[in-house]
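Colleague: Take this structure first; my questions come after.
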Amino acid sequence: IPIIIYNSRIKASQQGENHVESRLQEQIANVVEKLKIKSQDYSSKNGMQTGIEEIDTCMRGISPGELVVLSAQRNMKTSIALNIISQIAISQRIPSCYFSNDFLLNDIIIQLLCCNSKINLEDTYRGSITLDDFNKLSSTSKKISSAPLFLKHVNTLSIENVKNMVSHDHGKTFK
């Protein structure tokens, strides 16, 4: 929380004023340098693109190491999350983890396959998949299998639980 204290009766020593001024000049120089870098390199302007224009505009993408928590209706949340994870892990080839306590792993995989092959999810549950749909699923499954994507169903989902699973399963450590 930024705190600004202003009191016109407080007098600072000349030495203290110079120290504060030089520190501010350093901070301003750092900010200007970061803005310069962003203007020269598009990829540093934004984080990883989610593929959902409204989210990318609002959040400027997802920054590396950022934890994104979605809150929505059950099926809506899963669809949005799988679309985002598909864009990041499959299209951009950026290692990503997807944790869910709503659906079993098989259900998540079916939804991921349908999302990426543009097949109606309800058709898979009804068993009314066409030969063309199977070809799309086959092609999509190869693409997803080679992606740096890690799916995990968990009964209890907490930040500490996620941190421990990533540390254990993928050798990542967190502070």
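The values are calculated or read from the model by the stated rules, or taken from the named source; none is laboratory data. Computed from a prediction, not measured in an experiment: that's the story for all the values here. Every residue, glycine among them, receives a Cβ derived from its backbone with ideal geometry; neighbour counts consider all protein chains shown. The protein model used for the area step is the full one, side chains on, heavy atoms only, and it has no ligands, DNA or RNA in it. Shrake-Rupley method; radii C 1.70, N 1.55, O 1.52, S 1.80 Å.
Colleague: For residues that are in contact (Cβ under 8 Å) with a residue 40 or more places away in the chain and not in a loop (DSSP other than H, G, I, E, B), scanning just region 98-139, find the one that is surrounded by the fewest Cβ atoms within 10 Å (Cβ to Cβ).
Modeller: That would be 105.
Colleague: Can you pull out the residues in region 140-162 that are among the small types (Gly, Ala, Ser) and either under 18 Å from residue 103 (Cβ atoms) or open to solvent by less than 60 Å² (accessible area, probe 1.4 Å) (or both)? Lay out the reasoning, then the answer.
Modeller: As a first pass, look at region 140-162 and keep what is among the small types (Gly, Ala, Ser): 141, 145-147, 158.
141, 147, 158 - these are the residues of region 140-162 that are among the small types (Gly, Ala, Ser) and either under 18 Å from residue 103 (Cβ atoms) or open to solvent by less than 60 Å² (accessible area, probe 1.4 Å) (or both).
Colleague: Still on this structure, I have one more. Does residue 22 satisfy the condition of being open to solvent by less than 90 Å² (accessible area, probe 1.4 Å) and either at pLDDT 80 or above or among the small types (Gly, Ala, Ser) (or both)? Full working, then the answer.
Modeller: Details: open to solvent by less than 90 Å² (accessible area, probe 1.4 Å): yes; either at pLDDT 80 or above or among the small types (Gly, Ala, Ser) (or both): yes.
Taking the combined requirement at face value, the residue satisfies it.
Colleague: Taking residue 77 as meeting all but one of (1) in contact (Cβ under 8 Å) with a residue 12 or more places away in the chain; (2) in a loop (DSSP other than H, G, I, E, B); (3) more than 19 Å from residue 143 (Cα to Cα), write down the number of the exception.
Modeller: (2)
Colleague: State all residues of region 80-96 that are part of a helix (DSSP H, G or I), more than 17 Å from residue 60 (Cα to Cα) and open to solvent by 10 Å² or more (accessible area, probe 1.4 Å); if no residue qualifies, say none.
Modeller: Of all residues in region 80-96, those part of a helix (DSSP H, G or I) come to 80-91.
Now narrow it down to the ones that are more than 17 Å from residue 60 (Cα to Cα): 82, 86, 89-91.
Once the filter is applied, which keeps residues that are part of a helix (DSSP H, G or I), more than 17 Å from residue 60 (Cα to Cα) and open to solvent by 10 Å² or more (accessible area, probe 1.4 Å), region 80-96 yields 90, 91.
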